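See below for the structure under consideration.
All of the numbers you see were taken from the coordinates with simple rules; none came from a lab. What you see is a predicted model, and the numbers here were worked out from it, not measured in a lab. Please note: Cβ atoms are built from the backbone with ideal geometry, for glycine as well, and neighbour counts cover all protein chains shown.
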Amino acid sequence: MDLTAILPIPDLMAAKKLVVFSPHPDDNEVGAGATIARLIAQGCDVTYVIATSGQAGSEDPAISGEQLAAVRKEEQVMALEILGGGRIIFLDYPDTQLQEHAAELGRDVIRVIREVRPDFVMSPDPWLPYEAHPDHTTLGHQVSTGVIMAPFALAQPDLGPPVPSPSIAYYGSAWPNTVVDVTSTFEAKLRALDAHKSQFGPPLGPQLMMYLTLLAQEIGREIGVERAEPFKVLTPHHLHFNAYTWQA
Ligand SMILES: [Zn+2]
């Protein structure tokens, strides 16, 4: 069944107002940094929502969680500046424990969507096979739910007046349906990743940069460009009671 004939996939690059939800400071850059930079360059208004403080992201026992959280906040601010700038909302949930705060997080998601009124949101794909990090699956699920709940006036009316559902672009999806040419902004993505010094020092950082570069080249070949980023883009209608969404 060709679902796209009756339910077309919206054009991510036509987004005017985007909210990008991230489990940790750095995921947005890894998953979608070059596309975000392209959107900002063409005038798209971008808001980041960083769910956790990322205070568990170190193998160094000498640094405290509070210290690391403060460092990572600065790194995140710098990284978005490099991509072109935008607003950042830090929700400050405890790293690795988002699952235990899912209901509260879900309310935050609806509140932000109703306040900012985006036409597009982004998040990690919670249906990624083999995704073992609960912060990623929890956030992806809560953002997906928030997308379909945003227009229901009687669903959590205390979280703001209803707004039209935005479309959603999942980064890190196993079934992408949209490939964005990011040849012009890929260097900015690498510089933004480099701003996350606490996460991407040697040897992991250089390895990750090389991996992401090769991946972007590989995906770029599919559409005949030098570098690209993949997304699974869906409308709210794909997100409920739709047996064909996995093929969309
Ligand atoms: Zn993460």
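Taking the criterion of being surrounded by 19 or more Cβ atoms within 10 Å (Cβ to Cβ) and either within 13 Å of the ligand (Cβ to nearest atom) or over 11 Å from the mean Cα position of the chain (by Cα) (or both), the residues of region 36-49 that qualify are Ala37, Arg38, Leu39, Ile40, Cys44, Val46. Taking the listed residues Thr235, Thr245, Thr183, Thr213, the one that is among the hydroxyl-bearing types (Ser, Thr, Tyr) and under 18 Å from the mean Cα position of the chain (by Cα) is Thr235, with no other qualifying.
The set of residues in region 1-26 being under 15 Å from Ile89 (Cβ atoms) and either more than 12 Å from the chain's Cα centre (by Cα) or within 16 Å of the ligand (Cβ to nearest atom) (or both) consists of Lys17, Val20, Phe21, Ser22, Pro23, His24, Pro25. Taking the criterion of being over 30 Å from Thr245 (Cα atoms) and either touching a Cys at 6+ places or on another chain (Cβ under 7 Å) or small (Gly, Ala, Ser) (or both), the residues of region 174-223 that qualify are Ser184, Ala188, Ala192, Ala195, Ser198, Gly201, Gly205.
Scanning region 126-142 for residues that are within 14 Å of the ligand (Cβ to nearest atom) and closer than 19 Å to Asp92 by Cα returns His133, Pro134, Asp135, His136, Thr137, Thr138, Leu139, Gly140. Considering only region 174-199, state which residues are touching a residue at least 60 places away in the same chain (Cβ under 8 Å), assigned to a loop (DSSP other than H, G, I, E, B), closer than 25 Å to Lys232 by Cα and of a type in the set (Ser, Thr, Tyr). Hits for region 174-199 are Ser184, Thr185.
How many residues does region 200-248 contain that are among the hydrophobic types (A, V, I, L, M, F, W, C) and part of a helix (DSSP H, G or I)?
Within region 200-248, the subset among the hydrophobic types (A, V, I, L, M, F, W, C) is 200, 204, 208-210, 212, 214-216, 219, 223, 225, 228, 231, 233-234, 239, 241, 243, 246, 248.
If we keep only those that are part of a helix (DSSP H, G or I) too, we end up with 204, 208-210, 212, 214-216, 219, 223, 239, 246.
Adding up the residues that qualify gives 12.
Within the span defined as region 113-125, every residue fails to be assigned to a helix (DSSP H, G or I) and within 16 Å of the ligand (Cβ to nearest atom).
Mind checking which residues of region 200-248 are of a type in the set (Phe, Trp, Tyr), closer than 21 Å to Pro124 by Cβ and in contact (Cβ under 8 Å) with a residue 24 or more places away in the chain?
Hits for region 200-248 are Phe200, Phe231, Trp246.
Residues in region 128-147 that are among the hydrophobic types (A, V, I, L, M, F, W, C), crowded, with 17+ Cβ neighbours inside 10 Å and over 17 Å from Glu104 (Cβ atoms): Leu128, Val147.
Report yes if some residue within region 50-66 is surrounded by fewer than 20 Cβ atoms within 10 Å (Cβ to Cβ), of a type in the set (D, E, K, R), away from the ligand (no atom under 16 Å from the Cβ) and without any contact (Cβ under 8 Å) to a residue 40 or more places away in the chain; otherwise report no.
yes
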